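Colleague: Sending over a structure as structure tokens; questions will come in a sec.
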Amino acid sequence: MKALFTMALAGTTALTIGTAAEAQYLFSSWLEPNHVITREAHMQWAEDLAEATDGEVAFEVIVGGALIPAQSTMQGVADGLAQAGFHTATYTPSDLPVSNAVADMGFITPDPFVMAFAWSDFMMNEPAGFNDWRDNGVLFGGGYAVPEYNFICREPLSTLADFEGKRVRMPGGGWARFGQAIGVVGVNVPSNEIYTAFERGSVDCTASDTSHLTGGATLMEVAGGVTTLAMSPFYAGVTWAYNPDFWAGLTPEQRRTVFDVSAESLARLQVAYAREASEARDAAAERGIPIVEPDASLQEAYDAWVADGVGDMAGIAASAHGIEDPQALFDSFQGYVDKWVGLLDGLEQPYTVEDLTALLQENLYGPIDVNTWGLE
């Protein structure tokens with residue numbers, strides 16, 4: 001099917017897979033139409049799913065929050081405004097306490113492939129993770145992880161002293177706590193305003209993945225250095241949240257096809273994300289923007305902060321998210337992380353979509369019983 005772009009009401013943008021007449025179902029996302037997740041895990045996913053089911057499961061993918069606003073996507077899917085959608089757990093922390101409690105564990109293992117797959121596995125198969133979403137009226141059908149965060153700055157910075165007092169845009173959570181620990185001045189700037197903040201000099205750096213040099217915030221023109229401190233990737237979201245009635249209305253064969261297509265889509269997304277971040281970093285270097293490794297003082301400060309409990313991650317899980325036994329939850333999630341570290345260790349790098357798809361089929365999607373999963 002050909003993907004068609006149409007304009008929705010009030011100037012918002014809708015991305016339609018096929019035609020409205022062909023699509024029985026709606027998918028809602030607040031991301032932009034050119035975002036890598038939209039392209040690889042929503043648009044292509046919908047096209048592949050429609051083709052694999054001979055048009056029996058065809059989605060109209062609507063982006064930019066044109067159907068449901070970002071913070072309301074999970075509730076909108078639960079209410080049936082859309083049959084599936086993309087939701088960020090950190091937007092609704094009180095609704096998703098387990099998801100938010102483990103959202104910073106990527107600081108311990110800052111590998112986006114590991115965290116994307118471990119997070120998906122935990123949320124689809126571990127009762128604590130599964131019920132975190134199911135209690136809100138949706139089924140978690142797979143996650144994602146952005147590339148590891150670095151510091152993109154207006155000038156090259158490498159030492160702990162370089163960062164002290166700098167105004168740094170932090171995306172909240174563990175990044176904000178780490179920023180406080182090293183003495184930066186946290187600045188709350190929406191992602192779509194980072195470029196302007198750089199241009200005006202109101203921020204000195206942003207904690208972001210390097211794909212934002214050429215996409216997203218498109219910082220190439222205003223960046224003066226990239227500090228390659230490997231911080232946690234962001235992964236606290238769901239790529240495909242399903243309405244339970246929609247899921248129950250599919251045949252077992254259709255549910256299996258949804259999982260098959262999702263396995264390939266998740267693999268394709270992670271490979272594309274890694275490629276775009278790497279290409280953006282190479283393009284910055286070719287442009288003469290210094291790519292700076294953190295010196296010992298900065299790296300040791302980061303390592304000590306992580307070893308000391310990721311900025312009281314356990315205390316926040318208890319006080320802010322109401323987790324009775326945070327360490328038990330962390331240990332449970334860590335088991336999934338260890339599982340995927342081991343599985344990925346067996347693959348040749350750079351990873352291919354084909355190898356990752358096979359790994360996800362064998363170890364995540366394939367073992368799930370589509371006759372019972374999500375139907376209780």
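Colleague: Give me a count of the residues in region 61-87 that are closer than 16 Å to Val258 by Cβ and touching a Leu at 6+ places or on another chain (Cβ under 7 Å).
Modeller: Quick first cut of region 61-87, residues closer than 16 Å to Val258 by Cβ only: 61, 77, 82-86.
From what's left, touching a Leu at 6+ places or on another chain (Cβ under 7 Å): 61, 82-83, 86.
Number of matching residues: 4.
Colleague: For residues in region 107-135 being out of contact with any Leu (no Cβ under 7 Å at 6 or more places or on another chain), in contact (Cβ under 8 Å) with a residue 60 or more places away in the chain and of a type in the set (S, T, N, Q), which is nearest to Glu300 (Cα to Cα)?
Modeller: Only one residue tops the list, namely Thr109.
Colleague: Considering only strands (runs of 3 or more DSSP E) fully contained in region 96-200, which possess at least 2 residues that are closer than 29 Å to Phe330 by Cβ?
Modeller: On the way: elements: 149-153, 167-169, 185-187.
Answer list for region 96-200: 149-153, 167-169.
Colleague: Looking for whichever is of a type outside the set (Val, Ile, Thr) and under 23 Å from the mean Cα position of the chain (by Cα) here; the options are Ala307, Ala301, Ala280. Which one fits? Spell out the reasoning first.
Modeller: Working: Ala307 fails: under 23 Å from the mean Cα position of the chain (by Cα); Ala301 fails: under 23 Å from the mean Cα position of the chain (by Cα).
Criteria check complete, one pass: Ala280.
Colleague: Search region 13-41 for residues that are more than 22 Å from Ala78 (Cα to Cα) and among the aliphatic types (A, V, I, L, M) and pair each with any residue that is at pLDDT 95 or above and surrounded by fewer than 19 Cβ atoms within 10 Å (Cβ to Cβ) when their beta-carbon atoms are under 7 Å apart and the residues are at least 6 apart or on different chains.
Modeller: Note: pairs meeting the criteria are Val36/Ala272.
Colleague: Loosely packed, with under 14 Cβ neighbours inside 10 Å, more than 30 Å from Asp48 (Cβ to Cβ) and either of a type in the set (D, E, K, R) or touching a residue at least 40 places away in the same chain (Cβ under 8 Å) (or both) - does that describe any residue in region 354-367? Show your work before the answer.
Modeller: Step one: filter region 354-367 for residues loosely packed, with under 14 Cβ neighbours inside 10 Å, giving 354, 362, 366-367.
Restricting the remaining residues to those that are more than 30 Å from Asp48 (Cβ to Cβ) gives none.
Within region 354-367, not a single residue is loosely packed, with under 14 Cβ neighbours inside 10 Å, more than 30 Å from Asp48 (Cβ to Cβ) and either of a type in the set (D, E, K, R) or touching a residue at least 40 places away in the same chain (Cβ under 8 Å) (or both).
Colleague: For region 207-242, which positions are more than 19 Å from Asp282 (Cα to Cα) and outside any strand (DSSP E or B)?
Modeller: Ser232, Pro233, Phe234, Tyr235, Ala236
Colleague: Sticking with this one: Hey, does region 211-221 have a residue that's touching a Cys at 6+ places or on another chain (Cβ under 8 Å) and not aromatic (Phe, Trp, Tyr)?
Modeller: Here is the first cut: in region 211-221, the residues touching a Cys at 6+ places or on another chain (Cβ under 8 Å) are none.
No - not one qualifying residue is present in region 211-221.
Colleague: Among the numbered criteria (1) crowded, with 19+ Cβ neighbours inside 10 Å; (2) assigned to a loop (DSSP other than H, G, I, E, B); (3) touching a residue at least 60 places away in the same chain (Cβ under 8 Å), which one does Gln44 miss?
Modeller: Gln44 satisfies every listed condition except (2).
Colleague: Under 6 Å by Cβ, and 6 or more places apart or on different chains, what pairs join a residue from region 297-317 that is under 18 Å from Glu164 (Cβ atoms) with one that is in a helix (DSSP H, G or I) and of a type in the set (A, V, I, L, M, F, W, C)?
Modeller: Ser297/Leu160; Leu298/Leu160; Ala301/Leu160; Trp305/Phe178; Trp305/Ala181
Colleague: While we're here: Consider region 166-210. How many of its residues are charged (D, E, K, R), buried (at least 22 other Cβ atoms within 10 Å of the Cβ) and in contact with a Cys (Cβ under 8 Å, 6 or more places away or on another chain)?
Modeller: Going through region 166-210, the residues charged (D, E, K, R) turn out to be 166-167, 169, 177, 193, 199-200, 204, 209.
When the remaining residues are screened for being buried (at least 22 other Cβ atoms within 10 Å of the Cβ), the result is 169, 204, 209.
Okay, now just the ones that are also in contact with a Cys (Cβ under 8 Å, 6 or more places away or on another chain), so 169, 204.
Qualifying residue count, region 166-210: 2.
Colleague: Quick check on region 125-142. Is at least one of its residues surrounded by 23 or more Cβ atoms within 10 Å (Cβ to Cβ), within 30 Å of Asp345 (Cβ to Cβ) and among the β-branched types (Val, Ile, Thr)?
Modeller: Scanning region 125-142 turns up no residue that is surrounded by 23 or more Cβ atoms within 10 Å (Cβ to Cβ), within 30 Å of Asp345 (Cβ to Cβ) and among the β-branched types (Val, Ile, Thr).
The values are calculated or read from the model by the stated rules, or taken from the named source; none is laboratory data. Predicted, not measured: the structure shown is a model, and the values here were computed from it. Using ideal geometry, Cβ is built from the backbone for each residue, glycine included, and neighbour counts are taken over all protein chains shown.
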